[in-house]
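To keep things clear, I will list the structure first and then write my remarks on it.
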Amino acid sequence: MSDKRSFFVELKRRNVYRVALTYAVVAWLLIEIASVLLPALEAPEWMITAFVVLLALGFALALSISWSFEMTPEGLKRTEDLSPDQVIPYWSRRKFARFIIGVAVIAFGLSAYQLLRPKPTAGLSPASEELRRGKQTESASIPQQPITASQSESVSDVQRVERILRDLDAQWSNAAAAKNLEQTIAYYSDDAVVLPPNSQSATTKQAIRNVWKELLATTVLVITWKPTRVEVGKSGDMAWMSGTYELTMNDATGRPINDRGKYLEVWKKQPDGKWKCGADMWNSDLAVAAPAPAEKK
């Protein structure tokens, strides 16, 4: 019993209790600050978990340092080099209590703010520009899980829709790059409208097939596109997506053409819960070549 009592006395003498309490309260404050700032910066959810794990590891390290070292007027020294009867300077109880209470009040205030603040709705907040991308394997039929969306859905639901649309657009680009005609046109809805540049609108399935068949039949073709912005409608069953594309192909004379531009897509959620493109248009960023001068008669 005496050894156990002396151990706890030594813990008190080395300020281990104070370090543990101080670290716990400060860690609580840091966690509350992170829980407010990280979502505002659209950081992934795993960052908060990783932050908490680091703080837990730091707690063990802080206790170890508190046990092994002491801060003296001459600097940091190993505790074993100090006399057991030597009084180690530290804050007064009043100063220590003020510090702990002050930090705890701030942390409690942030915690209360997190609990009491109104939750944003999908219809009131703009869609974020860059979100986490999930990997999803789909065939030409584009299987998807139905998505429930309404005016009162949470921000996380909107982000899930955005992530699915970004994934679909990336898979669509890969299908076109592989010159897979059937898979490329499978991303359009039955009533889709395609507005290609320098050409008439394609308003039927066959017309859309012809547009892509002619493009994919090019001998040398490299085509890619990437979304830069996604906006989901308040109703949750429509969205639009804009981005940039790059295209390399040969013209009728075999001369290579390098093109780049922007595109706009309108996506609609189908009755079965799947998303398909209902309107598609793109145009080049390159200036139109000046016409050759007319010959004089």
>> Residue pairs, Cβ under 6 Å, 6 or more apart or interchain, first in the range 97-110 and assigned by TED's automatic domain parsing to the domain that holds W28, second buried (at least 16 other Cβ atoms within 10 Å of the Cβ) and not aliphatic (A, V, I, L, M). List them.
In response: A107/W28; A107/E32; L110/E32
> If you scan the range 36-51, which residues turn out to be surrounded by 14 or more Cβ atoms within 10 Å (Cβ to Cβ) and either at pLDDT 80 or above or of a type in the set (K, R) (or both)?
Replying inline: F51
> Taking the range 172-184, which residues are surrounded by 17 or more Cβ atoms within 10 Å (Cβ to Cβ) and either modelled with pLDDT of 95 or more or not aliphatic (A, V, I, L, M) (or both)?
Replying inline: W172, S173, Q183, T184
>> Can you find a residue that is in contact with a helix residue (DSSP H, G or I) (Cβ under 7 Å, 6 or more places away or on another chain) and modelled with pLDDT under 65 anywhere in the range 55-62?
In response: no
> Of all residues in the range 235-244 being surrounded by 15 or more Cβ atoms within 10 Å (Cβ to Cβ) and out of contact with any Leu (no Cβ under 8 Å at 6 or more places or on another chain), which is nearest to L264 (Cα to Cα)?
Replying inline: G243
> Looking at N198, is it more than 21 Å from A177 (Cβ to Cβ) and without any contact (Cβ under 8 Å) to a residue 12 or more places away in the chain?
Replying inline: yes
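Per-residue answers, yes or no, for (1) in the same structural domain as Q159 (by TED's automatic domain parsing); (2) surrounded by fewer than 16 Cβ atoms within 10 Å (Cβ to Cβ); (3) assigned to a helix (DSSP H, G or I); (4) at pLDDT 95 or above:
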site	(1), (2), (3), (4)
Q200	yes, yes, no, no
N210	yes, yes, yes, no
L215	yes, no, yes, no
W225	yes, no, no, no
R229	yes, yes, no, no
E246	yes, yes, no, no
A252	yes, yes, no, no
>> Looking only at the range 153-180, count every residue that is under 29 Å from V288 (Cβ atoms) and hydrophobic (A, V, I, L, M, F, W, C) and tell me the total.
In response: 3
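The values are calculated or read from the model by the stated rules, or taken from the named source; none is laboratory data. Just so you know, these numbers come straight off a predicted model, no measurement behind them. Glycine gets a Cβ as well: all are built from the backbone with ideal geometry, and neighbour counts include every protein chain shown.
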